[in-house]
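Before we start, here is the structure in question, set down as structure tokens.
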Amino acid sequence: MSDVRRDDPRLRRQRRRERAARRLPTNPYLQITSMTDMFTLILAFLLSFYDPAQVDAPSLVLPSVAALGGEKEGIKLEVRKDAVVLDGVVLLPLDGKGGIESGTERSGRILTAVRDALQPRVADPAPTLLVACDKTVPFSVIGDVLSSANAAGFHDYRFVVESTR
Amino acid sequence: MVRRYGMVDNGPGLDLVPMLSVMVHLVPMLLLSVRFLALAQMAARGPVISALEPPDAGALAEQSKRVVSVEIDGKGFLIGGSAGLDPRIPCTAACAPDTYDYAALDNALRSLKADHPDEKRIVIAPGDDVPFDVVARVMAEARSDVSGGKARELFPEPLLAVRQ
């Protein structure tokens with residue numbers, strides 16, 4: 001009788017299932033590693049673009065115009081209220097209202113610091129100069145910056161604006 | 001096939017819950033402070049300054065009839081290139097970026113395009129005190145005219161004049 005029960009295939013399968021169930025891991029923790037990975041990436045992405053100076057008193061507010069334009073890569077020059085910045089490096093501090101401080105080295109309308117910083121970046125053909133200007137900056141400053149870029153060898157430029165279309 | 005047998009429980013690993021909790025607070029805070037913008041680029045060229053002899057008054061008068069231009073100053077716009085138009089478009093109130101008469105400028109530019117159908121260039125000459133906001137809007141108006149949901153090209157190659 002006991003031999004018959006031992007050889008019963010249904011009982012053998014049941015015993016095998018019970019043994020397997022005892023061996024299965026019983027981890028009570030939620031697997032959040034992938035979620036943490038994802039959040040780490042998002043956080044790193046957001047922190048790399050976060051600029052606390054732009055939150056309270058932004059020094060670069062682009063004008064909003066109904067413009068469409070094909071995007072092109074180029075050298076990024078920013079004319080902020082407080083500085084002229086080339087690829088994140090301050091070339092020339094401004095007076096905070098978009099005016100050029102007296103005593104700035106210049107030759108006519110050409111700002112020496114801007115021209116000298118742009119000159120080594122000229123290649124053949126000259127790359128496009130992407131100019132992002134704060135909307136309150138007077139044209140006198142932009143004219144000086146463009147004249148300096150012209151003297152350095154940049155003749156084509158593109159203004160970056162906020163599109164309302 | 002998933003291997004169900006032989007899985008080993010290594011016990012509790014690094015406790016990531018506090019880290020995740022910090023991130024769940026930081027990510028929405030940063031997302032709220034982010035301002036998403038649709039950016040566009042407007043191409044322009046700087047004026048070429050030549051060392052040639054300046055033209056006489058007659059040649060300048062002839063040139064001013066041919067060259068399409070918009071001068072921006074503290075009183076409004078001054079249109080060049082058309083004999084039939086009143087060249088002065090004053091501001092609607094004390095001149096500020098929002099009080100320049102962009103609608104009248106748009107009409108004038110359409111009329112100029114009718115006079116110069118093959119012309120693609122326009123000279124934009126802003127005064128020194130004019131804020132960039134006004135210059136950008138004039139450039140956008142000069143590039144294309146949007147009416148009835150359709151955009152028509154006007155003067156897509158603006159030249160910015162910088163006074164010496």
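The values are calculated or read from the model by the stated rules, or taken from the named source; none is laboratory data. Keep in mind that what you see is a predicted model, and the values were worked out from it rather than measured. Every residue, glycine as well, gets a Cβ built from its backbone with ideal geometry; the counts of neighbours run over all protein chains shown. SASA here: full protein model, heavy atoms, side chains in, ligands and nucleic acids out. Shrake-Rupley method; radii C 1.70, N 1.55, O 1.52, S 1.80 Å.
Answer yes if at least one residue in region B:98-111 is open to solvent by less than 80 Å² (accessible area, probe 1.4 Å) and in a strand (DSSP E or B), and no otherwise. Give the derivation first.
The first filter runs over region B:98-111 and keeps only residues open to solvent by less than 80 Å² (accessible area, probe 1.4 Å), leaving B:99-106, B:108-109, B:111.
From what's left, in a strand (DSSP E or B): none.
No.
Let me ask another. Just one of the numbered conditions (1) under 21 Å from the mean Cα position of the chain (by Cα); (2) open to solvent by 30 Å² or more (accessible area, probe 1.4 Å) is not true of A:CYS133; which one?
(2)
If we keep just the residues of region B:34-52 that are at pLDDT 60 or above and in a loop (DSSP other than H, G, I, E, B), which is surrounded by the fewest Cβ atoms within 10 Å (Cβ to Cβ)?
B:PHE36
A further question follows. Can you name the residue in region A:136-165 that is in a loop (DSSP other than H, G, I, E, B) and more than 24 Å from the chain's Cα centre (by Cα) and, of all such residues, is surrounded by the most Cβ atoms within 10 Å (Cβ to Cβ)?
The residue in question is A:PHE154.
Let me ask something additional. Out of everything in region B:132-164 that is closer than 21 Å to A:ALA151 by Cα, at the interface with chain A (Cβ under 7 Å from one of its Cβ atoms) and of a type in the set (A, V, I, L, M), what residue ends up being nearest to the chain's Cα centre (by Cα)?
This residue is B:LEU160.
So, in region B:112-131, of the ones that are at the interface with chain A (Cβ under 8 Å from one of its Cβ atoms) and closer than 15 Å to B:VAL70 by Cβ, which residue ends up surrounded by the most Cβ atoms within 10 Å (Cβ to Cβ)?
Among those residues, the one meeting the criterion is B:PRO126.
Please give the number of the condition B:PRO12 fails out of (1) surrounded by 11 or more Cβ atoms within 10 Å (Cβ to Cβ); (2) in a loop (DSSP other than H, G, I, E, B); (3) modelled with pLDDT of 60 or more.
Only one criterion is unmet by B:PRO12, namely (1).
If you don't mind, another one. Where in region A:1-99 are the strands (runs of 3 or more DSSP E), entirely inside, with at least 2 residues that are surrounded by fewer than 16 Cβ atoms within 10 Å (Cβ to Cβ), at the interface with chain B (Cβ under 10 Å from one of its Cβ atoms) and at pLDDT 85 or above? I'd like the intermediate steps shown before the answer.
On the way: elements: A:75-79, A:83-86, A:89-93.
Correct list: empty, since no element meets the threshold.
How many residues does region B:84-97 contain that are touching a Phe, Trp or Tyr at 6+ places or on another chain (Cβ under 7 Å) and part of a loop (DSSP other than H, G, I, E, B)? Please lay out each step first, then the result.
Quick first cut of region B:84-97, residues touching a Phe, Trp or Tyr at 6+ places or on another chain (Cβ under 7 Å) only: B:89, B:91.
Applying the additional criterion that residues be part of a loop (DSSP other than H, G, I, E, B) yields B:91.
Result for region B:84-97: 1.
Which pairs have Cβ atoms under 9 Å, sit 6 or more apart or on different chains, and link a residue in region A:107-121 that is without any contact (Cβ under 8 Å) to a residue 60 or more places away in the chain and surrounded by 17 or more Cβ atoms within 10 Å (Cβ to Cβ) to one that is charged (D, E, K, R) and part of a helix (DSSP H, G or I)?
Correct list of pairs: A:ARG109/A:ASP144; A:ILE110/A:ASP144; A:LEU111/A:ASP144; A:VAL114/A:ASP144.
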